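Here the structure is laid out as structure tokens; the discussion comes afterwards.
The values are calculated or read from the model by the stated rules, or taken from the named source; none is laboratory data. Everything quoted here is computed from the prediction, not taken from an experiment. Don't worry about glycine lacking a Cβ; one is built from the backbone with ideal geometry, like all the others, and counts go over all protein chains shown. What goes into the accessible areas is simple: the full protein's heavy atoms, side chains included, and nothing from ligands, DNA or RNA. Shrake-Rupley method; radii C 1.70, N 1.55, O 1.52, S 1.80 Å.
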Amino acid sequence: MTSYDPVSLKILWDRLVAIADELVLSLVRTSFSMNVREGYDLSCMIFDAQARLLTQGSYSVPSFTGTAPRTIAHMLKVFPAETLKPGDIVMTNDPWMGTGHLFDINVMRPVFKGGRLVGFTMSVTHLPDIGGKGISSDCTEIYHEGLRLPVCKLRDNGVMNELLLDIIRINVRVPDQTVGDLLANVACNEVGGRSLLEFMEEYGLEEIESLSDAVNDHAEAAMRERIAEIPDGTYENSIQIEGPGHPITLTATVRIAGPDVFIDFTGTGEPVRASINVPFCYTIAQSNYVIKCLTIPSLPNNEGSMRPITVTAPENCVLNALSPWPTGGRHSVGHFVVPLLMGALAPALPDKVQADAAMMNIFSVQGRHRDGEEITSLFFLAGGLGAMQGLDGRAVTPAPSNMTVMPTEIWENRTSITIEKREILADTGGAGQWRGGPGQEVVFRNDTRHLLEIALMGQRTEFPAKGLAGGGEGARRHYEVNGLTVDPKARIELAPGDRITMREAGGGGYGDPAERDAKAALVDRMSGYVTEL
């Protein structure tokens, strides 16, 4: 096995990240849906022959990167590595094997060099549709949510499974977009496999296990060193969030023991009859994300960076929901793992934690374009980020996931839904020595000439983003249709010409507002973030 000096390791590691970035670009440029091409709801990764995560694309969704190591393990249980062949493509959208809901497709390709397996590439994207009722909060069983695909081969020894593609086409509203996105995943993995082999050829590598050992061991050592700086102890937090007619309690205990972190969600409430339950794979991913943010956020994600973190949760709590609980809107609860753990660790890391964010607002639309073409897509809206010690929260910034802002012109062209207004909402960020990020007001008008259905999955409508260290709360999220308040988790029908207004929540502030710098307060007013000094 080869050993690597620090300089060579950095060069090779950066090259692997560049290959993963090439997967991302290939995926975006060949995709059909706005979800991927404009929203970047995706991740691309490279694994070694032992299925250890080696690196991810620089732009990847944290939850997908966090679930992928378990996804490939499930895949290899069904199709052991020694049975795979060049030209195979394996996939699944099973929520408990993949990313936590049916709407994300996980696509894996084995990479062979001279007939020997040397690694894997994997991509994950949110499909525009998978049938059923579509992504929403109002399903009561997983069977309502769409087509559930077990681990299966999309391509076997180079031969495409046309029957499987036909099954998908006949079950979805936008078959060209859905199958187009699926094949874009195939294409990007082909690019990744080819680039990985070119990389190995260039550096004379017969295998990448040695490189993987060096990369992952370095990442693990760096993480453990930083975790060991956190004061040992047991830290607890409990919060309430909106549920279907009643609050949901989330509870976490974080134990720091030297270079190890143990996170336990005992005390968390039971699953609910709404599609916001969270499979454990997603909970683990969000937990890893928090610890990474609080230690070495700049370190590329790989298996080594996750080794020091152990996560447990009781079976059939809302953060470890089992089949057949519905999970389509699992982000509506799962994203709150981030403020839950940040709040727990605030006493230990007051200079690193972030006040609560407004949380990403995701809603789906179904209907027809004015030209008659079927529409089904997501829209990502953002409120304000929470403040940190020494740093104001950014306005209208997605959190804790990192999908991008949908360009208004592209959205209007592809859907014929007009965005009448996008405006920063003053006085929505929490007050503090460092101010929480403000939200925004966005008005959509149905210009499709058809009935339009919008499924809302709104949070922060009852429980605002909390501040830290004396900082104030952010404003709540609010929805109106034609000026009348509507249920934030309802399925709304908009007639032609109807308008839906979304007022996004603000992030929490940090520190005593009386200690805010006078110049910063003046800039806030001049920027339209606040109306009074």
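Taking the stretch 387-412, which residues are open to solvent by less than 20 Å² (accessible area, probe 1.4 Å) and at pLDDT below 90?
Within the stretch 387-412, 401, 403, 406 qualify.
Taking only the stretch 461-497 into account, find how many residues are open to solvent by 30 Å² or more (accessible area, probe 1.4 Å), of a type outside the set (Lys, Arg) and not in a loop (DSSP other than H, G, I, E, B).
Number of matching residues: 6.
When the residues of the stretch 92-113 are narrowed to those that are of a type in the set (D, E, K, R) and either under 16 Å from residue 48 (Cα atoms) or modelled with pLDDT under 95 (or both), which ends up surrounded by the fewest Cβ atoms within 10 Å (Cβ to Cβ)?
Among them, the one singled out is 113.
Filter the stretch 222-240 for residues that are more than 17 Å from residue 347 (Cβ to Cβ), in contact (Cβ under 8 Å) with a residue 60 or more places away in the chain and open to solvent by less than 80 Å² (accessible area, probe 1.4 Å); which is nearest to the chain's Cα centre (by Cα)?
Step by step, filter the stretch 222-240, then rank; the result is 223.
Quick one: which of 232, 217 is touching a strand residue (DSSP E or B) at 6+ places or on another chain (Cβ under 8 Å) and not aliphatic (A, V, I, L, M)? First the steps, then the outcome.
Numbers: 217 fails: touching a strand residue (DSSP E or B) at 6+ places or on another chain (Cβ under 8 Å).
It is 232.
Does the stretch 368-386 hold any residues that are within 23 Å of residue 445 (Cα to Cα), out of contact with any Asp or Glu (no Cβ under 6 Å at 6 or more places or on another chain), crowded, with 21+ Cβ neighbours inside 10 Å and not hydrophobic (A, V, I, L, M, F, W, C), and which are they?
Of everything in the stretch 368-386, just one residue is within 23 Å of residue 445 (Cα to Cα), out of contact with any Asp or Glu (no Cβ under 6 Å at 6 or more places or on another chain), crowded, with 21+ Cβ neighbours inside 10 Å and not hydrophobic (A, V, I, L, M, F, W, C), namely 377.
Examine the stretch 25-48 for a residue that is hydrophobic (A, V, I, L, M, F, W, C), under 16 Å from residue 107 (Cα atoms), in contact with a Cys (Cβ under 6 Å, 6 or more places away or on another chain) and buried (at least 19 other Cβ atoms within 10 Å of the Cβ), and state whether such a residue exists.
Yes, there is a match, as at least one residue in the stretch 25-48 is hydrophobic (A, V, I, L, M, F, W, C), under 16 Å from residue 107 (Cα atoms), in contact with a Cys (Cβ under 6 Å, 6 or more places away or on another chain) and buried (at least 19 other Cβ atoms within 10 Å of the Cβ).
Every residue, every condition in (1) over 23 Å from residue 121 (Cα atoms); (2) open to solvent by 70 Å² or more (accessible area, probe 1.4 Å); (3) in a loop (DSSP other than H, G, I, E, B); (4) touching a residue at least 60 places away in the same chain (Cβ under 8 Å), yes or no:
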{"site": "163", "(1), (2), (3), (4)": "yes, yes, no, no"}
{"site": "169", "(1), (2), (3), (4)": "yes, yes, no, no"}
{"site": "173", "(1), (2), (3), (4)": "yes, no, yes, yes"}
{"site": "176", "(1), (2), (3), (4)": "yes, yes, no, yes"}
{"site": "182", "(1), (2), (3), (4)": "no, no, no, yes"}
{"site": "186", "(1), (2), (3), (4)": "no, no, no, yes"}
{"site": "197", "(1), (2), (3), (4)": "no, no, no, yes"}
{"site": "200", "(1), (2), (3), (4)": "no, no, no, yes"}
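Quick one: count up the residues across the stretch 287-335 that are closer than 16 Å to residue 266 by Cα and assigned to a helix (DSSP H, G or I).
3
Does the stretch 1-24 hold any residues that are under 20 Å from residue 204 (Cα atoms), in contact (Cβ under 8 Å) with a residue 60 or more places away in the chain and either in the same structural domain as residue 375 (by TED's automatic domain parsing) or surrounded by fewer than 21 Cβ atoms within 10 Å (Cβ to Cβ) (or both), and which are they?
Scanning the stretch 1-24 gives 1, 2, 3, 4, 9, 12, 13, 15, 17.
Which residue is nearest to residue 28 (Cα to Cα), if the candidates are limited to the stretch 154-180 and must be out of contact with any strand residue (DSSP E or B) (no Cβ under 6 Å at 6 or more places or on another chain) and of a type in the set (D, E, K, R)?
By that ranking, first place goes to 176.
Among the candidates 162, 145, single out the residue that is modelled with pLDDT of 95 or more and closer than 21 Å to residue 366 by Cβ. Walk me through it before giving the result.
Working: 162 fails: closer than 21 Å to residue 366 by Cβ.
After ruling out the rest, the residue left standing is 145.
Mind listing whichever residues of the stretch 57-91 are outside any loop (DSSP other than H, G, I, E, B) and either outside the structural domain of residue 37 (by TED's automatic domain parsing) or open to solvent by less than 20 Å² (accessible area, probe 1.4 Å) (or both)? Full working, then the answer.
Quick first cut of the stretch 57-91, residues outside any loop (DSSP other than H, G, I, E, B) only: 62-78, 81-83, 89-91.
Once the filter is applied, which keeps residues that are outside any loop (DSSP other than H, G, I, E, B) and either outside the structural domain of residue 37 (by TED's automatic domain parsing) or open to solvent by less than 20 Å² (accessible area, probe 1.4 Å) (or both), the stretch 57-91 yields 63, 64, 65, 66, 67, 68, 71, 72, 75, 89, 90, 91.
Kindly establish whether residue 275 is under 20 Å from the mean Cα position of the chain (by Cα), surrounded by 22 or more Cβ atoms within 10 Å (Cβ to Cβ), closer than 30 Å to residue 20 by Cα and outside the structural domain of residue 388 (by TED's automatic domain parsing).
Considered against the rule, which asks whether it is under 20 Å from the mean Cα position of the chain (by Cα), surrounded by 22 or more Cβ atoms within 10 Å (Cβ to Cβ), closer than 30 Å to residue 20 by Cα and outside the structural domain of residue 388 (by TED's automatic domain parsing), residue 275 comes out as no.
Could you identify the single residue in 105, 130 that is in a strand (DSSP E or B), in contact with a helix residue (DSSP H, G or I) (Cβ under 9 Å, 6 or more places away or on another chain), of a type in the set (Val, Ile, Thr) and at negative phi?
Step by step, each of 105, 130 is checked, and only 105 is in a strand (DSSP E or B), in contact with a helix residue (DSSP H, G or I) (Cβ under 9 Å, 6 or more places away or on another chain), of a type in the set (Val, Ile, Thr) and at negative phi.
Of these, 127, 149, which one is in the same structural domain as residue 46 (by TED's automatic domain parsing) and free of Cβ contacts under 8 Å to residues at least 60 places away in the same chain?
Just one listed residue meets the conditions, 149.
Quick one: residue 155 ticks every box in (1) under 30 Å from residue 208 (Cβ atoms); (2) assigned to a loop (DSSP other than H, G, I, E, B); (3) not hydrophobic (A, V, I, L, M, F, W, C) bar one, so which box is it?
Residue 155 satisfies all of (1) under 30 Å from residue 208 (Cβ atoms); (2) assigned to a loop (DSSP other than H, G, I, E, B); (3) not hydrophobic (A, V, I, L, M, F, W, C) except (2).
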